[in-house]
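Let me begin by presenting the structure, written as structure tokens, before commenting on it.
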Amino acid sequence: MEQYLYGIDLGGTTTKFGFFTIDGELIEKFAIKTDLSSNGANILSDIAVNINNHLVKNQLTKSNIKGIGIGVPGPVTNGIANKCVNLGWENVNVKEQLTNLIHIKIEVSNDANIAGLGELWKGGGTGYQNLVFITLGTGVGGAIIVNNHVIDGVVGAAGEIGHAPTLNLDFKCNCGKYGCLETVASATGVVNIANKFINETTIPSNLREKSDLTAKMIFDAAKQEDQLAAKVVEVFGKNIGFVCATIGVVTNPEVFIFGGGVANAGDIIINTVKKYFKKYAFLGIKDTAFKLAELGNDAGIYGAAYLVKNEGTL
Ligand SMILES: [Zn+2]
């Protein structure tokens, strides 16, 4: 009998579904709006209904499905989503509730972890078993993968690289702490650094005339050798390189993979981070590879499917 996997990336706006072969070929993807009413009380039943409808449409039965992996936007331990602010969830036992609704094997992890697993399986990390995935978006997230398994930690905080301490203590993080990586490496963080240089220095820059600065504008200017933008990129790369040097002696990965909107700036990210990593890293790990993610917004559905393929009793 043909066997398939579902990978679900549950976000605060949309819930994305991927339907895969066991070997990770994406057959079909679709998305629904995430229902945030009643503190997200309908989210899991909506997922169950959509999976059931998809099975019927494709003339499949539950025995054709080896499992459903799902990534949620918040820390997860033992299948329980501890707190997902974007969904209105607190201590939701996703694994148990979804299993009861659909009677198919369920595995749960957080959104950054599944994106990392997706890159490991079919993206920039293909061929590696030990990688650190760092997503540079509105915030900064991450996944630590050792021997093809995500490290969750006691409260699901392993891989929360956005809150790793850096050398730069100028900006306050949403978590309340000063100096988190997110304050200098997220899209907002890059703008933070630029505004500081604009206000506190006389370094010439075309960015001074721009209103509503974005990270993309700053990286584009740096590529055009704008002096101030180049300094911003150095601060950004220095702090990420520093954090990677620390992570490097903790888990000793084969590769660091960078995804998220900010990473769309491309090689400038890798080159700058690598330069500072080499400066700060222990001699034994200086040759660690640095690569860009390849799956974009589909990383999550791939990784969620891999989660159940890999972790499930298949
Ligand atoms: Zn923080």
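Run the quick spin-label model on residue 103 and residue 26: label points 7 Å from Cα toward the beta carbon, then report their separation in nm to one decimal. In this crude spin-label approximation the distance works out to 3.2 nm. Rounded to the nearest Hz, the phi-derived 3J(HN,Hα) couplings of the range 224-231 under the Karplus curve 6.51 cos²θ - 1.76 cosθ + 1.60 (θ = phi - 60°) are 8, 6, 5, 4, 5, 4, 4, 5, where x marks glycine and proline. Residues whose amide H comes within less than 5 Å of that of residue 153, counting only those at least five positions distant or on another chain, are 158 (H built at 1.01 Å from N in the peptide plane). Phi angles across the range 193-202 convert, under the Karplus curve 6.51 cos²θ - 1.76 cosθ + 1.60 with θ = phi - 60°, into 3J(HN,Hα) values of 5, 4, 4, 5, 5, 4, 7, 10, 9, 10 Hz, Gly and Pro given as x. The slack in the chain from residue 45 to residue 267, taken as 0.36 nm per residue of separation less the alpha-carbon distance, amounts to 75.7 nm. Taking amide H as placed 1.01 Å from N in the peptide plane, the amide H of residue 106 sits under 5 Å from that of 68, each at least 5 places away or on another chain. Is any residue of the range 226-259 close enough, with backbone N under 13 Å, to a label point placed 7 angstrom from the Cα of residue 175 along the Cα-Cβ axis, and if so, which? Correct set: none at all.
Under 19 Å from a label point set 7 Å out along the Cα-to-Cβ vector of residue 254, the amide N atoms of the range 129-160 belong to 129-134, 143-151.
Modelled this way, with points 7 Å down the Cα-to-C-beta line, the labels at residue 154 and residue 234 are 4.1 nm from one another. Only lysines eight or more places from residue 33 in sequence, or on another chain, were considered; those with a Cα closer than 25 Å are 16, 57, 62, 83, 95, 105. Axis angle, to the nearest 10 degrees, between helix 299-311 and the longest C-alpha principal axis of the chain: 50 degrees. Compared with the direct C-alpha span, the chain from residue 77 to residue 278 gains 68.9 nm at full extension, assuming 0.36 nm per residue.
If you take all C-alpha pairs in the chain, what percent of them are over 32 Å apart? Taking all Cα-Cα pairs of the chain, the fraction more than 32 Å apart is 30 percent. Electrostatic bookkeeping for residue 146 treats Lys and Arg as +1 and Asp and Glu as -1; over the other residues with beta carbon under 12 Å from its beta carbon, the sum is -2.
The stretch between residue 209 and residue 129 holds 24.2 nm of extra length on full extension. This uses 0.36 nm per residue minus the Cα-Cα distance. Paramagnetic label reach from residue 285 (point 7 Å along Cα→Cβ; backbone nitrogen cut-off under 13 Å): within the range 124-138, residues 131-133.
For the residue pairs 29/216; 122/291; 122/274; 196/275; 122/309, alpha carbon separations beyond 19 Å are given by 29/216; 122/274; 196/275. Rounded to two decimals, the Cα-based Rg/Rh of the range 1-70, with Kirkwood Rh, is 0.99.
Across the range 127-294, the relative contact order, built from alpha-carbon pairs under 8 Å that are at least six residues apart, equals 24 percent.
Every number here is computed from the coordinates shown, using simple stated rules; none is lab data. The shown structure was predicted, so the numbers you read here are calculated from the model rather than taken from an experiment. Virtual Cβ from ideal backbone geometry, glycine too; neighbours counted across all protein chains shown.
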